[in-house]
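Bear in mind these aren't lab numbers, they're just calculated from the coordinates by the rules spelled out. A quick note: this is a predicted structure, and the numbers were derived from the prediction, not measured.
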Ligand SMILES: CC(C)(COP(=O)(O)OP(=O)(O)OC[C@H]1O[C@@H](n2cnc3c(N)ncnc32)[C@H](O)[C@@H]1OP(=O)(O)O)[C@@H](O)C(=O)NCCC(=O)NCCS
């Protein structure tokens, strides 16, 4: 890092919006999602949305969010391209971690691309530990015309409102959770099973017992690549005995078809024991890179 640029870190305000647009304008060829979520982030009463100000101008930002229970999430770390490599992202993250230490609890995590070296570097500097590596796996949704090896009955029963505690307990004790580093994927945000997360999935009508309560499946609809791909159901958590996971995944493909989707996906952990199961269930890795999840407790 060159010399640390002196910045003033403070909570974001509504009138920072023009500067935020300028910071994010060139990021990811102008396809940054931050402008879309900014109004919601400004209004979020939990966590904190911080900006870095230099000579009266906002040149960077970052967000701390509460996921559930003792689980917190860092996201939206951005620095204006003109001011990169001067420790601005490090200073924003330090302030977000302080905010979490003051007002949060438990564990804070973040996800970043396997290629984003500055973020790996700053995570290590600030005492985060890499806890998981994930990549995107996709299979065609199965319909009546798909080969006979697919199980024919759907075998899913929606979870009831009253079952969120039981579901979290089931997922926590499930052997498949260790193949996912103990975390569920809440649409590109990772946290351990918690009743509140199942409550949300139940309200969305996207959580089921499988095969007479021998398994559990929760999903979300991924709309991340809407320009390239139509929305697709992705696995939030798949819990069962290891020797039943391939069948659960095949059933998930059928479920995806019955819900009207053409594909089914999973941001699956790159665990060596999981790869043959994914292959057996017809899932292919469609992403060359990985996402690293870092954690600090
Ligand atoms: C990624 C990003 C936030 C980094 O911001 P930054 O202010 O340049 O980062 P910092 O200057 O604090 O650098 C952090 C560390 O990475 C190192 N670093 C910076 N650029 C690097 C590079 N290209 N390769 C290797 N290391 C690099 C720095 O030396 C520093 O390490 P050190 O403290 O050990 O010296 C910024 O480039 C950005 O907004 N990118 C686009 C959006 C994005 O990718 N956000 C992250 C999403 S997870």
For region 134-296 the translational diffusion coefficient, Stokes-Einstein from a Kirkwood Rh over Cα pairs at 20 °C and viscosity 1.002 mPa s, in µm²/s, is roughly 137 µm²/s
What shape does region 153-215 take by its C-alpha gyration tensor, where a ≥ b ≥ c are the square roots of the eigenvalues and a/c under 1.5 counts as rounded, a/b above b/c as prolate, and the rest as oblate?
-> oblate
Determine the principal axes of the Cα atoms in region 8-105, then give the extent along each, sorted from largest to smallest and rounded to whole angstroms.
-> 37, 26, 23
Separation of region 102-127 and region 216-271 by C-alpha centroid, Å?
-> 27 Å
Coordinate range along principal axes, alpha carbons of the chain, Å, largest first = 66, 36, 33
